[in-house]
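Reading through the structure tokens given below for one structure.
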Amino acid sequence: MTTDRTSPPYAADELTTLRWFLDHYRATLRRQAQGLDAEQLTRTLPPSPVTLGGLLKHLAYVEHWWFTEVLHGRPATGVWADVDWEADADWDWHSAADDSPEELDALLVEEIARADAAIDDALADGGGLDRLAVRPRGDGSVASLRWILVHMIEEYARHCGHADLVRESVDGARNL
């Protein structure tokens, strides 16, 4: 099965454009990991320790963090609830090696669905893209939904570049 990926529209309103780009990069990352086994998802491209499995789990966590914990101020749930981040600040990256390809993809898909619902909830309260997050940043500033969406697009785009290089080093696949 191949993850469907469509190109964002060339002319749309701001919200539609932001959500299309986010969905495009979400699908791009998932495609980079499709068809690989557990061992292949743990391979690195030295000297970097980045793995495709780590990317999948990291982005699942980033979805949860920004849309559940920051935007809505809700507590961590699921696998994230019991993580001792002080003991291992990169737990999402490291623990991915213990998960199967199916578990990693399912976790990302679940967090994307949860994030999309959180975006819809935030938009439903009337604040639009200017709606502010509940949880402030470390410096006390508060991000808008617009900022969070742009940040997520940037996060995925950067990591999709990493995924391109790692995938090519694993099996030679390009232009996925």
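Rule-based calculations on the coordinates, nothing more; no lab input. These numbers were taken from a predicted model, which means no experiment stands behind them. Note that each Cβ is placed from the backbone with ideal geometry, even for glycine, and that neighbours are counted across all protein chains shown.
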* Structure fact -> So Thr16 and Ala97, fully extended at 0.36 nm per residue minus their Cα-Cα distance, gain in nm 25.6 nm
* Asked: Along segment 56-63, what does the Karplus equation 6.51 cos²θ - 1.76 cosθ + 1.60 (θ = phi - 60°) give for ³J(HN,Hα), rounded to whole Hz, x for Gly and Pro?
  -> 4, 6, 4, 5, 4, 5, 4, 4
* What share of Cα pairs, in percent, lie more than 15 angstrom apart in segment 85-163? -> 71 percent
* Structure fact -> Listed residues Ala60, Ala163, Ala11; largest mean-square fluctuation, Gaussian network over the chain with Cα springs below 10 Å, found at Ala11
* At a Förster distance of 30 Å, what's the computed FRET efficiency of Leu165 paired with Glu110, Cβ-Cβ distance as r, to 0.05? -> 0.65
* **Mean Cβ neighbour count within 10 Å, used as a protection proxy, ranking 145-157, 73-85 highest first** => 145-157, 73-85
* To do: Using a cut-off of under 18 Å, list every residue of segment 143-176 whose amide N is near the label point 7 Å from the Cα of Ser7 along the Cα-to-beta-carbon line.
  => 175-176
* Please work out the Cα convex hull volume for the chain and give it in Å³ per residue. => 125 Å³
* Hand me the GluC sites (Glu not before Pro) from segment 30-80 located in a DSSP loop with no more than 12 other Cβ atoms within 10 Å, in residue order please. => none
* Structure fact -> Here segment 31-41 yields Karplus 3J(HN,Hα) values (6.51, -1.76, 1.60; θ = phi - 60°; whole Hz; Gly and Pro given as x) of 4, 5, 9, 5, x, 9, 8, 4, 5, 5, 6
